[in-house]
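J.: Quick one: the structure is below, questions incoming.
The values are calculated or read from the model by the stated rules, or taken from the named source; none is laboratory data. All values reported here derive from a predicted model rather than from experimental measurement. Cβ placement follows ideal geometry from the backbone for every residue including glycine, while neighbour counts extend to all protein chains displayed. When the accessible area is computed, the model is the full protein with side chains, heavy atoms only, and any ligands, DNA or RNA have been set aside. Shrake-Rupley method; radii C 1.70, N 1.55, O 1.52, S 1.80 Å.
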Amino acid sequence: MRTSLSCWPENQANRRIPRLALAAATVLTAPAFLLGPSAAGAIETTPTAVTARSSTATATAAIAADSPASAPTAAATTTAFSPATPARAAAATVTPTPSGTTAGLTRTRSATITPIRPATRPTCGGKLTFGKVVVCPSIVDQQEHKWTVSTTADQDLLVTQLGRGSGEHTVGARVTNAAGQSICTFQTGSSTCQLGAAGTYTVRVKLPYPTGRGDYTIAVESTRTPSECTTLPESFFSFSSPGVTRTLPAGAAAQCYTFDQPSGSVLQVAEPFGPGDIWGQILGAGFEPLCEIRNGSMCTLTRPGPYRLLVREFYGTESTYTLKMPRLSDPVGCPTVPVAPFGDPGAAVGSGTMPAEDVACHTFVADAAGSVLVRFERSNDQDVWWWLYDTTGREVCTKGDNEWHCPLPAAGTYTLMLHNRNINPTEMSYQVAVTRLDRNDGCAAAAGTSWEQPTLRLHQTSPVQTNCQPFRAEAGDRVTTYVSPDRYNEDFAWLVDQSGARLCIEPSEEDGCVLPASGTYRVMSYLWNWGADSTDLTYQVQIRRLSEAIGCPTVTVGSYGTAPATGPIRCRSLEVAEAGEYRITTVSASNDRSYARVYDREGRKVCATGYCAFAGPGRYTLVFDADIVVDNDREHAVALLPWVPSGCATVSDSGWRDAPHRGAFQGAGQVNCLQLASPAGSRIVQAEPGEVTRETRPEISVVDAAGAYLCDYYSLRQNSCKLDGKAPFFAVLNGPAGNAAGAYAMAFARVDGPPPCPVLPRDAAGATATTGTDRFAVCFSVPADEHAARENFTWTRTSGSGDARMSVFDANGSPYCGPTPYAVDRTITCSLPTGPVTVLLEADSVDATYRITHRDASTPTS
C-alpha cells in the first residue's frame, strides 16, 4: 500500500520539511492506516508525536495530523474516545519490518516535522449500541462526527441523549437514512427521533460554528427493541409497594419498563420521582404514546396493554430515582377508615406516616350518596393535599375545591389519596377523619336563635373532631354565628343545610347568612390547633338571628347629661321615633369602650358605634362586639342621643378670669356637653388642673352647630382649636375609660385677637399670679412694643405648693412656645412675631403664688 503525504494541504504548504524526514514519517504512520479503519470502522485517533533514530543517525517526526489508530476494545457501558498517544520519549529505535521496508536507513542528521492538523478529519465516530453511553473528548471547528445506529424494527422511535461536556460550545446532531435524506435533528438533552424502515441510520454531530471546540456524550435507545426492559409485577401497583429504585447513568438515553394492567386503569405516579429532571412516557401495546409522567402526574391506560414505560433525565445527569405507580382504580394497599360521627370520632380515625413528598391512601365506604367532610389537624392540614376518587379512579373532589363539603355521587367505596407537601421535605405522621355532613349522628340538641338564650359550650377531644349544632329557622331569616375559644386557638364554623351543603359561600359585605327555606340547619365547627398536651379543648358558640331579632332590651333616645341604664345581654333594640342623625355610645358597666354594629329589621348593617344616620323611624338592633362571643351576663350601657348636642351649659372663654366649669358623670355611658361662648373663626384652648390624670380626664371633642367635628383634646391642650363652621359650637364630653363616675373641672380661653388679658410688665418685679381651687389658669398679654424678637419668660413659685406650665400664642392664636413641662420655676426663651402675644400659665388647683417676668433674651442678666 502506498502512502503519500504530499496530497495533504498542510504538507503542501510546508515546503521546508526535509523529504527524508517525510519519508520516515510516512513509513511510521503506514501501519496505522492499514490497521485502523479495517478494525475500528470510522473511529480515529491522533498520535501526538512519532520519533525515529538509527544507531548512526536520528530522524524525528512530530506529526499532529489525525491518523487512524488500532481497533478499540469491546464496547462497555461508557466508551471513552481519546487520542491513542504513545508515551513521548527522547528517541525511538526504528526496527525493520519483516518485509525490510526500513532496512539500510542511515542518516547523519535528524529533523523534526510539525505539520498542521487537518481541520476536517474527525476524531470520534463509529457504531452506537442501544443502551450504551459514548464519550467523545473533542470536536473541533468544522469537524463532523459520523455515528451509525441500526434498528431491526420498522417505525422505531429513537430516544436520544446528547450531553454537553465542558467545551466552549454545545453540539447538535442530524439523522439521515441510507439514502442520505435528513430524518430529524436534535440538540443537547433528551429527545426523540422517528425512524422509518428497519436498517442503519447515520447520526452526524457538529458544532454550531465553523470555529471552536467542544466535547460531548451520546447515547441512543430503541422504543421497540430496547437494550433491556424490566418487568413490573402486579405487587408494584399497590399503595404499600416501596417502588423500584434505580440509577440512570450520566448520559444515558432511557431506561425501559414493561407491565400489564387492566385497560382503563388509573395510575398515580408518586413523588419523589428523582432529584433531577426525571420524567417518562407510557406507551400502549402498539407503541402509541398514552401519558407523560412527571411531578406526581396521573395516567389513565386508555388503550390495551401490555405497556412500556421509558424513563429518562432530560439533561443526562446521573440520577437515582424511585418509581412508584400505585393504581387508583380498584386500589390495593389502602387502609380502611370508618366514617366518623360528629363529636368525638373514637376509633373512626385513619392514621399513617408519609415520607417526604410521597403519597398515602385510605378507603372508606359510603352507604348512600351524600356529603362528607375530610378533616386533618392543623399541623397536617397545611402540608397535606388530598383528592377523593371513586373505584374507577375518577376524581370526585379535592382539598382545593371541597375543603368544607365533598359531595359523593353514589354509594360505594371511595379512595382518599394524600400527598405530603411539607415545604421542608420531612416524613410526616398524620390523622384523618371522614364525617358525613348529611347525617345527624353525634349532633348536639337543637338550639334556638333568640338573643337571651345561654351561650353554648362545646368540647373537642380529638384533633380531627367536628362538632354539629342544629337549630330551627324560617325562610328569609338572617342568622349569624359567633365562636370564641376558651383559650387561645383558631376556630372554624360554617352553616350547612340538611344535605350538608355549605351556605353563604360567596363573600358579602353583610353579616350573617340568609336561609333559603324553613327547616333545620346546622352549625359545623371545630378548633384547629391541637397541642401535645391537648385532651379536652372547649369553646363557646352563639347562634343568633339578626333579622327581627328577639330577646334584646329596649333603648330609646336619651338626653345629654343623663346616664343610660346598664344591663346584661349582648344586644339592644333601638327604638327610633324619627329619621335623622344620632350619636351612639356603647360601653361596659365600668365605662370601657366597646364596639357595636347596628342592623335594620332585615338584619342588614346600618352603622357602627359613633355616628349613625337612620333613614326612617322604627326598631333597629344593636349588637356589642359583633365578631366574638359575648356572654349574656356581661353588662353594657348604650347612649342613643341626637347627633347635635342640646341642653348644654354655656361656658366662658375667659376661664383665666371666670370660675372654671365643674361637672360630673353619674354612670357608664353618660355623655355631657358644653356650649362655647367664642364666635366662628376664633381660636380657643382648654385649661385643666395640673393634677388631672388620664384616669380622671374626660374625653373631649368640639363640634359646630351641625355636629361636624372640629378638633379633639390634643388640639385643645397642645395647640389651639379653630372654630370653623357655623356657631354655636359645642364641647362633647365622655367619661374616662374604666371610670364610670367622677367629677371634673375645666376652663376655656380664647387666644386670638387683641389679648384681653392684663399686661405683663417688662421689669424685674414682673407680675404676681395667685392660683387656687377655682383658679388654675392665669393669662397675661405682652404688647407688640413690649417684647423683642427673642424674649425670656420666667415663672417662679413664691408660696404654696404645686407647679405650672406655660404657653405663648401670637395674635392669631397660634402657639409660639410651649406648652412646656410642669415645673416649680423655669425660664424659657421664645422667638416671637412682631405683634402682641398672649402668655397662659396653667397650675395645679392648689393655693400658690407665682412671680412671672419677661425680658429681652439678648440683654445680659445683672
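J.: Going by the conditions given, is T247 open to solvent by 10 Å² or more (accessible area, probe 1.4 Å), of a type in the set (V, I, T) and assigned to a loop (DSSP other than H, G, I, E, B)?
T.: So T247 fails the test.
J.: List the strands (runs of 3 or more DSSP E) inside region 439-532, counting only whole elements, that have at least 3 residues being among the hydroxyl-bearing types (S, T, Y).
T.: So the answer is 478-485, 519-527.
J.: Considering only region 384-396, state which residues are open to solvent by less than 30 Å² (accessible area, probe 1.4 Å) and either of a type outside the set (A, V, I, L, M) or assigned to a loop (DSSP other than H, G, I, E, B) (or both).
T.: Within region 384-396, W386, Y389, D390, G393 meet the criteria.
J.: Next question. Of the numbered conditions (1) open to solvent by 30 Å² or more (accessible area, probe 1.4 Å); (2) modelled with pLDDT of 95 or more; (3) among the aromatic types (F, W, Y), F237 fails exactly one; give the number of that condition.
T.: Result: F237 passes all but (1).
J.: Say whether the condition of being of a type in the set (A, V, I, L, M, F, W, C), out of contact with any strand residue (DSSP E or B) (no Cβ under 6 Å at 6 or more places or on another chain) and at pLDDT 95 or above is met by at least one residue in region 493-514.
T.: No; the residues of region 493-514 include none that is of a type in the set (A, V, I, L, M, F, W, C), out of contact with any strand residue (DSSP E or B) (no Cβ under 6 Å at 6 or more places or on another chain) and at pLDDT 95 or above.
J.: Quick one: which of V808, V837, V846 is open to solvent by less than 40 Å² (accessible area, probe 1.4 Å), more than 58 Å from the chain's Cα centre (by Cα) and in contact (Cβ under 8 Å) with a residue 12 or more places away in the chain?
T.: Step by step, each of V808, V837, V846 is checked, and only V837 is open to solvent by less than 40 Å² (accessible area, probe 1.4 Å), more than 58 Å from the chain's Cα centre (by Cα) and in contact (Cβ under 8 Å) with a residue 12 or more places away in the chain.
J.: Something else: Being polar (S, T, N, Q) and either over 21 Å from A348 (Cα atoms) or surrounded by fewer than 21 Cβ atoms within 10 Å (Cβ to Cβ) (or both) narrows it down to one residue among Q540, Q465; which is it?
T.: Q540
J.: Please enumerate the residues belonging to region 146-203 that are polar (S, T, N, Q), more than 23 Å from E288 (Cβ to Cβ) and buried (at least 16 other Cβ atoms within 10 Å of the Cβ).
T.: T170, T188, T202
J.: Are any residues in region 718-742 open to solvent by 30 Å² or more (accessible area, probe 1.4 Å) and under 25 Å from Y816 (Cβ atoms), and if so, which ones?
T.: Matches in region 718-742: Q718, N719, K722, D724.
J.: Here's a follow-up. For Q281, all conditions in the list (1) of a type outside the set (A, V, I, L, M, F, W, C); (2) under 27 Å from Y216 (Cα atoms); (3) modelled with pLDDT of 95 or more hold save one; what is the number of the exception?
T.: Every condition holds for Q281 apart from (3).
J.: In this structure, does R174 turn out to be of a type in the set (K, R) and at pLDDT below 95?
T.: no
J.: Separate question: Filtering region 743-754 down to residues that are open to solvent by 30 Å² or more (accessible area, probe 1.4 Å) and not hydrophobic (A, V, I, L, M, F, W, C), which residue is nearest to the chain's Cα centre (by Cα)?
T.: Among those that are open to solvent by 30 Å² or more (accessible area, probe 1.4 Å) and not hydrophobic (A, V, I, L, M, F, W, C), it is R750.
J.: OK, next. Which one of these is open to solvent by 50 Å² or more (accessible area, probe 1.4 Å), touching a Phe, Trp or Tyr at 6+ places or on another chain (Cβ under 8 Å) and at pLDDT 95 or above: Q686, Q666, Q675?
T.: Going through Q686, Q666, Q675 in turn, the sole match is Q675.
J.: Just the residues that are open to solvent by 10 Å² or more (accessible area, probe 1.4 Å), in a strand (DSSP E or B) and out of contact with any helix residue (DSSP H, G or I) (no Cβ under 9 Å at 6 or more places or on another chain), please, taken from region 425-438.
T.: R436, the sole residue that qualifies.
J.: Here is a further query. Name the residue, out of G500, G519, G512, that is over 28 Å from L408 (Cβ atoms) and not basic (K, R).
T.: G512
J.: Check every one of the strands (runs of 3 or more DSSP E) wholly within region 133-244 and list those with 3 or more residues that are closer than 18 Å to Y315 by Cα.
T.: 133-140, 157-164, 189-194, 213-222
J.: Quick one: would you say A475 is in contact with a Ser or Thr (Cβ under 6 Å, 6 or more places away or on another chain), open to solvent by 40 Å² or more (accessible area, probe 1.4 Å), small (G, A, S) and closer than 22 Å to V434 by Cβ?
T.: No.
J.: Out of the residues in region 397-424 meeting the condition of being of a type in the set (S, T, N, Q) and farther than 15 Å from Q268 by Cβ, tell me which one is surrounded by the fewest Cβ atoms within 10 Å (Cβ to Cβ).
T.: Checked region 397-424; the qualifying residue surrounded by the fewest Cβ atoms within 10 Å (Cβ to Cβ) is N424.
J.: Separate question: Give the residues of region 618-650 that are of a type in the set (D, E) and either surrounded by fewer than 13 Cβ atoms within 10 Å (Cβ to Cβ) or over 18 Å from T554 (Cβ atoms) (or both), sorted by residue number.
T.: Those that are of a type in the set (D, E) and either surrounded by fewer than 13 Cβ atoms within 10 Å (Cβ to Cβ) or over 18 Å from T554 (Cβ atoms) (or both): D625, D627, D631, D633.
Conditions (1) modelled with pLDDT of 95 or more; (2) closer than 19 Å to V159 by Cβ; (3) crowded, with 22+ Cβ neighbours inside 10 Å; (4) of a type in the set (A, V, I, L, M), marked per residue:
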residue	(1), (2), (3), (4)
V205	yes, yes, yes, yes
P210	no, no, no, no
G214	no, no, yes, no
P226	yes, yes, no, no
T230	yes, yes, no, no
Q255	yes, yes, yes, no
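J.: What number of residues in region 547-560 are assigned to a loop (DSSP other than H, G, I, E, B) and buried (at least 19 other Cβ atoms within 10 Å of the Cβ)?
T.: Number of matching residues: 5.
J.: State all residues of region 513-537 that are farther than 19 Å from N467 by Cβ and either in contact with a helix residue (DSSP H, G or I) (Cβ under 6 Å, 6 or more places away or on another chain) or open to solvent by less than 30 Å² (accessible area, probe 1.4 Å) (or both); if no residue qualifies, say none.
T.: Selection gives L515, G519.
J.: Hey, can you tell me all the residues within region 570-607 that are open to solvent by 30 Å² or more (accessible area, probe 1.4 Å) and farther than 18 Å from G667 by Cβ?
T.: E575, A577, E578, A579, E581, Y595, R597, R601, E602, R604, K605, V606
J.: Just checking, does region 530-551 include any residue being over 19 Å from P485 (Cβ atoms) and either modelled with pLDDT under 95 or of a type in the set (K, R) (or both)?
T.: Scanning region 530-551, I find at least one residue that is over 19 Å from P485 (Cβ atoms) and either modelled with pLDDT under 95 or of a type in the set (K, R) (or both), so the answer is yes.
J.: If a residue must be open to solvent by less than 30 Å² (accessible area, probe 1.4 Å) and either modelled with pLDDT under 95 or outside any strand (DSSP E or B) (or both), how many such residues does region 313-345 contain?
T.: Here the count works out to 13.
J.: Where the second residue is among the acidic types (D, E) and the first is within 30 Å of T773 (Cβ to Cβ) and lies in region 685-710, which pairs have Cβ atoms under 6 Å and are six or more apart or on separate chains?
T.: If the second residue must be among the acidic types (D, E), the pairs left are A687/E842; P689/D844; G690/D844; E691/D844; S701/D712.
J.: Going through region 346-383 one residue at a time, which ones are open to solvent by less than 30 Å² (accessible area, probe 1.4 Å) and part of a helix (DSSP H, G or I)?
T.: N380, D381
J.: Test S801 against the criterion of being of a type in the set (S, T, N, Q), under 18 Å from I684 (Cβ atoms) and over 59 Å from the mean Cα position of the chain (by Cα), and give yes or no.
T.: Here the answer is no, as S801 does not meet what is asked.
J.: Here is a further query. Taking A613 as meeting all but one of (1) among the hydrophobic types (A, V, I, L, M, F, W, C); (2) over 13 Å from D511 (Cα atoms); (3) open to solvent by less than 30 Å² (accessible area, probe 1.4 Å); (4) in a strand (DSSP E or B), write down the number of the exception.
T.: (3)
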